[in-house]
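Beneath this line is the structure, given in structure tokens, with notes to follow.
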Amino acid sequence: MTPLTEPEIRAAFVNCTKGEAKRLHVPRDLGTRPWDDLDFLGWRDPQALDRAYLVAVPDGRPVALALRRPSPGPGRQRRTMCSVCLTNPVGGVSLMVARKAGKAGQQGNSVGIYLCDDLACSLYLRGRKDAGPGARLPESLTLEEKVERTLSHLTAFITRVTT
Ligand SMILES: [Zn+2]
């Protein structure tokens, strides 16, 4: 994806207030992120482990989402597949919840998705980050096809948040 700047990312949030978008944690090392190998940029807030964020460019315009990771209750640590990149990374998969954009969100509506806990889906797909043994099922798809599928899953989730 095209590299994005901090102001571009902050301006792209669709499901939090302008004030929240101004204050939330954005990585300081944007200049050294492997943008060429990213289908979307995802990150966690190191100060608030229940918060995660992602930004994608589904239709040529950046869209960023604020996500919450509800803390798993006891006995809920089962392995689940990431619904975006279809990986079972050794680092785990978390249910991430996004408040819906606009009025629906103000009324308390949210949507959830299972995502790689470290949001490194793009790097797992490309083998740039080791997801662990057996984390990915063998597939005959090309990387382009996997990327396309990943983006279509992510875009579908973004649409659920914004509509
Ligand atoms: Zn993933």
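How many of the residues in the range 10-47 are more than 24 Å from LYS129 (Cα to Cα) and either of a type outside the set (Asp, Glu) or surrounded by 15 or more Cβ atoms within 10 Å (Cβ to Cβ) (or both)? Don't jump to the end; show me each part of the working.
Residues of the range 10-47 that are more than 24 Å from LYS129 (Cα to Cα), as a first pass: 10-24.
Checking the rest, the ones that are also either of a type outside the set (Asp, Glu) or surrounded by 15 or more Cβ atoms within 10 Å (Cβ to Cβ) (or both) come to 10-19, 21-24.
Matching residues across the range 10-47 total 14.
Looking at the range 49-64, is at least one residue surrounded by fewer than 21 Cβ atoms within 10 Å (Cβ to Cβ), within 16 Å of the ligand (Cβ to nearest atom) and either among the hydroxyl-bearing types (Ser, Thr, Tyr) or in contact (Cβ under 8 Å) with a residue 12 or more places away in the chain (or both)?
no
On the given criteria, is MET81 surrounded by 13 or more Cβ atoms within 10 Å (Cβ to Cβ) and assigned to a loop (DSSP other than H, G, I, E, B)?
In short, yes.
Check ASN15, ASN88, ASN109 and return the single one that is among the polar types (S, T, N, Q) and in contact with a helix residue (DSSP H, G or I) (Cβ under 6 Å, 6 or more places away or on another chain).
Result of the check over ASN15, ASN88, ASN109: ASN15.
Take residues that are crowded, with 18+ Cβ neighbours inside 10 Å and within 14 Å of the ligand (Cβ to nearest atom) and tell me which of the helices (runs of 4 or more DSSP H) falling wholly in the range 84-163 contain 1 or more.
Details: elements: 102-106, 121-125, 143-162.
In the range 84-163, 121-125, 143-162 are the helices (runs of 4 or more DSSP H) which contain 1 or more residues that are crowded, with 18+ Cβ neighbours inside 10 Å and within 14 Å of the ligand (Cβ to nearest atom).
Here, each number is a calculation from the coordinates, and none is a lab measurement. The model shown is predicted, which means the values in this text are computed figures rather than measured ones. Cβ sites come from the backbone with ideal geometry, for glycine too, and all protein chains shown count toward neighbours.
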